[in-house]
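Report on the structure given below.
Since every read-out is calculated from the coordinates, none of them should be taken as a lab result. Not measured: the values here are computed from a predicted model. Every residue, glycine as well, gets a Cβ built from its backbone with ideal geometry; the counts of neighbours run over all protein chains shown.
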Amino acid sequence: MRLTVILLLLLLFSDISAQELICNIRVNANQIQTSDKKIFNSLQSDLYEFVNNTKWTNTNFQSEERIECSILINISKMISNDEFEGSIQIQSTRPIYGTSYKSTLFNYQDNNFRFNYLEFQALEFTENTHLSNLTSVIGFYINIILGLDFATFSEDGGMEYFGKAQKIVSNAQNAPQKGWKAFESDRNRYWLAHDLADPRYSDYQRTLYAYHRLGLDKLSEEPDDARYEITESLESLKSVFRENPSAFILKLFFDAKSDEIAKIYSEAFPNEQARIVKILTEIDPTNSSKYQRITQNKIER
């Protein structure tokens, strides 16, 4: 009897303290000519443990609530025995209530990824100090993933994590590696964290919440009302576009959502289709040809 109680308590504790993420980590080093690939396997294993076993928030997640994401690191250059260069691609999804569908929240490739890694050396990270470019970059994108996810469940719910991402950026200003500084590019880690936390773009936060919580989560049960909420949420993005037509966060939003939006409106009423096409061709002209197909009933289901 006592053993049964202990086991139940352990199961309960493990469920309450479940980590926030289920993150698939992959390191691709096919471009590197070396006879010993063991270091890359170790890197992949160490990163998996670091990401999935670190407690990133003070929120208690149930096992089924964990955020699904993936990180792909493509190593293109081995500069020395412990220094590498390549790219990192990050993707995260959010389950939609009452369905098996998972909506993409973030899908981005960062081509400025240079880092040091020593096999068997522990990966260290703190939000208050830039200890290594490897863990700072990973920690930065984990906070972006968390912020975007939280933002879809409550208005301004992601601001705490966008603030943490900004702090990681601030701590890395003296780092020699690229990606952290404002002057290097208008689309890098600096501007991603900056724009997500910028009060000028507060309508972006409202869009994330309304689009997902009031729209997608109700789409299967109340499709007409849900589409209306999605349309209104996308209308709100006009303020972001008019403030800065080249805003980094707009590109990231539509990189993740353009195909999904087109499918949502494929079965809408003609007046709805006409309205959404007008909105989208203004704020996302890059994908205008995709949106024009909404009214032509040429969307692949």
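Between Lys37, Lys218, Lys164, which gets the highest mean-square fluctuation from a Gaussian network model of the chain, Cα cutoff 10 Å?
Lys37
Using the alpha-carbon atoms, what tilt in degrees (0 to 90, nearest 10) does helix 223-243 show relative to the longest principal axis of the chain?
Relative to the chain, helix 223-243 is tipped by roughly 70 degrees.
Near Leu237, within a Cβ-to-Cβ distance under 10 Å, what is the net charge of the other residues, with Lys and Arg +1 and Asp and Glu -1?
-1
Round to the nearest 0.05 the FRET efficiency obtained for Ile79 and Ser170 when R0 = 25 Å and r is the Cβ-Cβ distance.
0.40
How would you rank Leu134, Leu214, going from fewest to most other Cβ atoms within 10 Å of each one's own Cβ?
So the ranking, lowest neighbour count to highest, is Leu214, Leu134.
Name the shape class, rounded, prolate or oblate, that the alpha-carbon gyration tensor gives for the stretch 199-301, where a ≥ b ≥ c are the square roots of its eigenvalues, rounded holds for a/c under 1.5, and otherwise prolate holds if a/b is larger than b/c and oblate otherwise.
oblate
Going by alpha carbons, how many degrees (0 to 90, nearest 10) lie between the helix axis of 38-53 and the longest principal axis of the chain?
60 degrees
Hey, what does the equivalent ellipsoid look like for the chain, semi-axes from the Cα gyration tensor as sqrt of 5 times each eigenvalue, largest first, whole Å?
Calculated on Cα positions only, the semi-axes equal 35, 26, 18 Å.
Identify which of Ala182, Ala197, Ala122 has the largest mean-square fluctuation in a Gaussian network model of the chain, with springs joining Cα atoms closer than 10 Å.
Ala122
Taking the Cα centre of the chain as origin, work out the dipole magnitude from +1 charges on Lys and Arg Cβ and -1 charges on Asp and Glu Cβ, in debye rounded to 20.
For the chain, the charge dipole is close to 560 debye.
Longer than 31 Å from Cα to Cα, which of Lys181/Lys218; Lys167/Lys251; Lys218/Lys238; Lys55/Lys263; Lys55/Lys290; Lys102/Lys164 are they? Say none if no pair is.
Where the Cα-Cα span goes over 31 Å, the pairs concerned are Lys181/Lys218; Lys55/Lys263; Lys55/Lys290.
Between Arg200 and Gln121, how high is the FRET efficiency from 1/(1 + (r/R0)^6) when r is the Cβ-Cβ distance and R₀ = 25 Å? Nearest 0.05.
On the way: r = 42 Å, r/R0 = 1.67.
E between Arg200 and Gln121, to the nearest 0.05, is 0.05.
Given a Förster distance of 45 angstrom, what is the FRET efficiency for Asp156 paired with Gln33, based on the Cβ-Cβ distance and rounded to 0.05?
Efficiency, from the Cβ-Cβ distance: 0.40.
What is the helix-to-structure angle for 133-151, meaning the angle in degrees between its Cα long axis and the longest Cα principal axis of the chain, kept from 0 to 90 and rounded to the nearest 10?
Roughly 30 degrees, rounded to the nearest 10.
Can you give the extra length, in nm with one decimal, that the chain gains between Ser288 and Ser266 once fully stretched, where that is 0.36 nm per residue apart less the Cα-Cα distance?
Length gained, Ser288 through Ser266: 6.4 nm.
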